[in-house]
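The values are calculated or read from the model by the stated rules, or taken from the named source; none is laboratory data. Not measured: the values here are computed from a predicted model. Cβ atoms come from the backbone with ideal geometry, glycine included; neighbour counts cover every protein chain shown.
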Amino acid sequence: MINLVKPLAPVEGYNLTVLSDVRILRSDRPLSRAPVLYEPGIVIVLQGRKRGFLGEEVYLYDAQHYLAVSVPVPFSMDTDASMEEPLLAIYFRLDFKVAAELMMKLDEYGAAEGAAPKGLMSTLMDERLAHTVLRFLEVMNSPVEPLILGPDLVREIYYRVLTGEQGSSMRASLTRQGQFGKIAKAIRTIHASFDQKLDIDRLADEAGMSPTSFHAHFKAVTSTSPIQYLKTTRLHQARLIMARKEITASLASAQVGYESPSQFSREFRRMFGRGPAEEASRMRQAFAKPDPSPHAVYVASH
């Protein structure tokens, strides 16, 4: 797998592929703990190691463990990598249409529910998933096969994850069922409207919960409060647009819903450990930042 993925990751950072929702990540250096916000998707590490920290939990994803994200959860992450053994990983951003079609089939045939839903979880990669990933990488090294066979293999990888230990979380999120599904719907609303004044009471009402119950369930899924989650989403989006468009911090703060540029700068520095201009410059120099997908529905840190 490592030999097959190396040609797909010639540069450090995120390398795009002919499949719009698949990127290959390469890091030639260790990265210290930093805040991240992942879109729903699957991260399969082939070499190196990442650790995610969410509340009191530590999530390891390496050559033996994959990470599945069912809802965007702000957490912090560090990376073990070197020039001799760079971190190499495949990131599959979740295609909701493909996942929904699989969900219908799973419901039709009565798939088991599995473990309790979580927003983030690392799981041991079993032999069947590993075999599918190997075939996927073989196909991706062909000039023609990725466009013809690639989508079917991505679908098979989705299937392996949706029927694995983490499957119940993604299924609950996709179907908006149960308390987890209601919180997933609220999170999607926040990502669609982060630049507006959001009324948490309205979000709770839409979820069919009292504000107190909504707050408790939201924190159980994300390890943070709705207000803090909104703030984190805004700051991640501001960092991305400053890195991509090279706009000022003042303009970025206004675009993500901040009324006070000074408050934005204080909270930005508190989260990322650097001022807005310095952090945007670091991101442009350290990693290639691909343009966001026109179909993206979530803010993400990559």
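At a glance:
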quantity: Filter result for VAL11 (over 20 Å from ILE183 (Cα atoms), among the β-branched types (Val, Ile, Thr) and assigned to a strand (DSSP E or B)); calculated: no
quantity: Single match in ALA111, ALA130, ALA89 (criterion: at pLDDT below 80 and among the hydrophobic types (A, V, I, L, M, F, W, C)); calculated: ALA111
quantity: Members of region 196-226 found to be in a loop (DSSP other than H, G, I, E, B) and either surrounded by 15 or more Cβ atoms within 10 Å (Cβ to Cβ) or aliphatic (A, V, I, L, M) (or both), listed by number; calculated: LEU198, ALA207, MET209, SER223, THR224
quantity: Residue, farthest from ARG239 (Cα to Cα), within region 14-55, restricted to residues that are of a type in the set (Ser, Thr, Tyr) and not in a loop (DSSP other than H, G, I, E, B); calculated: SER27
